[in-house]
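Report on the following structure.
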Amino acid sequence: MRLEKNETSEMQASIRKGDMTEGPILKQLIWFALPLLIGALFQLMYNMTDSIILGKFVGAEALAAIGATNTTTFGLLQVAVGVTNAFTVVLSQQFGAKQDQKMKRTVSNSIWITVVMSVLLGVGIFLGARPLMELLGTPKNIINDSVLYVQIYGGLIAGQLFYNAAAAILKALGDSKTPLYFLIICSVLNVILDLVFVLVWHQGVRGVAWATVISQTVSAVLCMVYMFRKYPILRFNRKEAAADGEILGEILRIGIPLGLTNALLAVGMMVVTGVVNSFGSDIVAVYTVGGKVNQIATVSFGQLAFSCAVFAGQNYGARRNDRILKGIRQALGMVLALSAVSSVFIFTGAKYVALLFLNAEETGILGDTVQMIHIVSFFYVFLGAIWVYNNALRGVGAVKATIFSSIVELAAKVGLSIWFASIFGYVGIWFAEPIGWILGLLVSGSIFHRKKWMKNF
């Protein structure tokens with residue numbers, strides 16, 4: 001009995017290492033964000049490997065085929081991510097309130113939700129791939145490859161979803177290192193498989209899709225197994241694995257609105273993609289590369305902003321609202337500084353970053369890509385700020401606020417993309433998204449500082 005008590009206390013001490021309700025705030029945020037940053041860089045690496053290998057060794061059309069699917073695959077994934085974000089919110093609040101038994105039930109129900117999402121999304125994406133790509137006006141010369149990629153990646157999306165679920169659970173506990181380890185494995189494996197499938201077996205887009213799916217599935221299985229080994233307190237028996245109406249309601253109360261919001265955002269981005277597609281495969285390639293560059297540029301301050309969700313969630317559960325306000329002020333200052341630095345570096349080095357994905361001979365595409373990067377990079381500080389506020393609001397469960405902000409941002413992006421494209425051509429599309437960031441920031445920033453969330457928003 002004494003041994004069991006000692007083991008339990010050791011487990012509790014281990015799991016409490018990620019407690020962000022006490023201690024120096026900025027130091028905690030930075031140390032939590034660092035593994036996320038490294039992980040995001042590796043994720044970028046394996047995502048971009050697809051584009052780099054296709055662009056360099058297969059051609060611009062293959063690159064465009066993948067690019068035409070970006071908003072579709074990303075958007076559909078975000079529907080599920082909205083729900084898995086709820087895992088982080090609910091668990092971080094329970095962690096802050098030291099509700100260990102409730103956390104165990106939340107983990108088991110989170111896994112059930114992930115199983116259901118994997119089946120529904122997988123079947124839906126596989127069957128709807130061609131009609132969706134046709135609806136988006138995908139150029140005829142790339143549509144077959146685009147459909148093939150969506151069917152393989154989307155139909156077998158379970159690996160991605162289970163990794164996201166495990167990562168969301170671990171991050172809620174303040175553990176941002178464990179997901180990193182398996183993301184590194186995934187990234188390295190993806191690079192190896194990309195080279196084998198494309199350069200050795202000459203599978204092109206099909207090979208890139210299979211490389212991504214296989215590496216994600218391996219990473220998900222390993223992460224899940226390791227999570228339960230490292231944190232025995234999260235293990236549940238058969239009885240505890242049963243669906244719990246209270247827990248499911250708590251998760252879905254936050255997850256469904258976030259998922260629906262992300263679904264709406266996905267539809268909006270698909271509309272924007274349709275506008276881009278109307279200008280031909282070269283502009284699709286520009287849009288693809290520009291999006292990849294934005295991912296590189298925003299990764300540092302994006303991960304620090306994400307840390308605000310876990311920080312706010314834990315402190316909200318511990319009823320430390322004063323600490324939330326102080327922490328978000330500090331995080332905002334750091335994020336604004338990092339985003340300003342990113343703007344300068346990406347703006348000045350736009351051509352060289354674009355050449356990672358393009359051949360120098362493709363001068364027309366290269367010039368248009370540099371122009372897009374120059375326009376969007378100027379507005380990174382607004383993107384950083386909105387991420388801080390939205391993650392903080394999400395952490396405290398103020399879902400309505402993030403939904404409202406997202407709708408305003410989306411309406412601006414979609415409406416202005418269509419309007420500006422009709423006046424200025426495809427260049428007008430590059431201005432629409434940053435203006436959406438600014439308008440969304442006005443909403444989320446004002447709501448956060450009005451402090452209604454302190455009264456159970």
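The values are calculated or read from the model by the stated rules, or taken from the named source; none is laboratory data. All of these numbers come straight from a predicted model, not from anything done at the bench. Reconstructed Cβ throughout: ideal geometry from the backbone, glycine too, with neighbour counts over all protein chains shown.
Conditions (1) closer than 21 Å to residue 39 by Cβ; (2) crowded, with 20+ Cβ neighbours inside 10 Å; (3) β-branched (Val, Ile, Thr); (4) out of contact with any helix residue (DSSP H, G or I) (no Cβ under 9 Å at 6 or more places or on another chain), marked per residue:
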| position | (1), (2), (3), (4) |
| --- | --- |
| 131 | no, no, no, yes |
| 186 | yes, yes, no, no |
| 192 | yes, no, yes, no |
| 196 | no, no, yes, no |
Let me spell it out: the conditions are (1) in contact with a Phe, Trp or Tyr (Cβ under 8 Å, 6 or more places away or on another chain); (2) at pLDDT 90 or above; (3) closer than 18 Å to residue 434 by Cα, and residue 324 meets all of them except one. Which number is the exception? (3)
Does residue 286 satisfy the condition of being β-branched (Val, Ile, Thr) and over 30 Å from residue 449 (Cα atoms)? yes
Residue count, segment 204-229 (criterion: surrounded by 17 or more Cβ atoms within 10 Å (Cβ to Cβ), free of Cβ contacts under 8 Å to residues at least 60 places away in the same chain and over 12 Å from residue 50 (Cα atoms)): 3
Answer yes or no: is there a residue in segment 269-292 that is assigned to a loop (DSSP other than H, G, I, E, B), crowded, with 16+ Cβ neighbours inside 10 Å and not polar (S, T, N, Q). yes
Tell me, which residue of segment 97-111 that is part of a helix (DSSP H, G or I) and at pLDDT below 85 is surrounded by the most Cβ atoms within 10 Å (Cβ to Cβ)? 100
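Which of the residues belonging to segment 132-182 are among the acidic types (Asp, Glu) and free of Cβ contacts under 8 Å to residues at least 12 places away in the same chain?
The initial filter retains those residues of segment 132-182 that are among the acidic types (Asp, Glu), namely 134, 145, 175.
Passing the criteria: only 134.
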Please go through segment 377-395 and give me each residue that is surrounded by 24 or more Cβ atoms within 10 Å (Cβ to Cβ) and either in a loop (DSSP other than H, G, I, E, B) or aromatic (Phe, Trp, Tyr) (or both), ordered by number. 380, 387, 389
Only one of 55, 122, 96 is within 25 Å of residue 242 (Cβ to Cβ), touching a residue at least 24 places away in the same chain (Cβ under 8 Å) and more than 17 Å from the chain's Cα centre (by Cα), namely 122
Any idea which of (1) at pLDDT below 90; (2) buried (at least 24 other Cβ atoms within 10 Å of the Cβ); (3) more than 22 Å from the chain's Cα centre (by Cα); (4) of a type outside the set (Gly, Ala, Ser) is the one residue 315 doesn't satisfy? (1)
Looking at (1) in contact with a Phe, Trp or Tyr (Cβ under 7 Å, 6 or more places away or on another chain); (2) modelled with pLDDT of 90 or more, can you tell me which one residue 154 breaks? (2)
Scanning for something in a loop (DSSP other than H, G, I, E, B), basic (Lys, Arg) and either in contact (Cβ under 8 Å) with a residue 24 or more places away in the chain or surrounded by 20 or more Cβ atoms within 10 Å (Cβ to Cβ) (or both), does segment 326-349 turn up at least one residue? no
Select from segment 47-70 the residues that are buried (at least 24 other Cβ atoms within 10 Å of the Cβ) and of a type outside the set (A, V, I, L, M) and list them in ascending order. 50, 55, 67, 69
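Within the group 30, 25, 38, which residue is modelled with pLDDT of 80 or more, among the β-branched types (Val, Ile, Thr) and under 18 Å from residue 292 (Cα atoms)? Outline the logic, then answer.
Working: 30 fails: under 18 Å from residue 292 (Cα atoms); 25 fails: under 18 Å from residue 292 (Cα atoms).
It is 38.
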Residue under question is residue 243, and the condition is that it be within 20 Å of residue 86 (Cβ to Cβ), touching a residue at least 12 places away in the same chain (Cβ under 8 Å) and assigned to a helix (DSSP H, G or I); does it hold? no
Residue 404 fails exactly one of (1) within 30 Å of residue 318 (Cβ to Cβ); (2) of a type outside the set (Val, Ile, Thr); (3) surrounded by fewer than 18 Cβ atoms within 10 Å (Cβ to Cβ); (4) touching a residue at least 60 places away in the same chain (Cβ under 8 Å), namely (4)
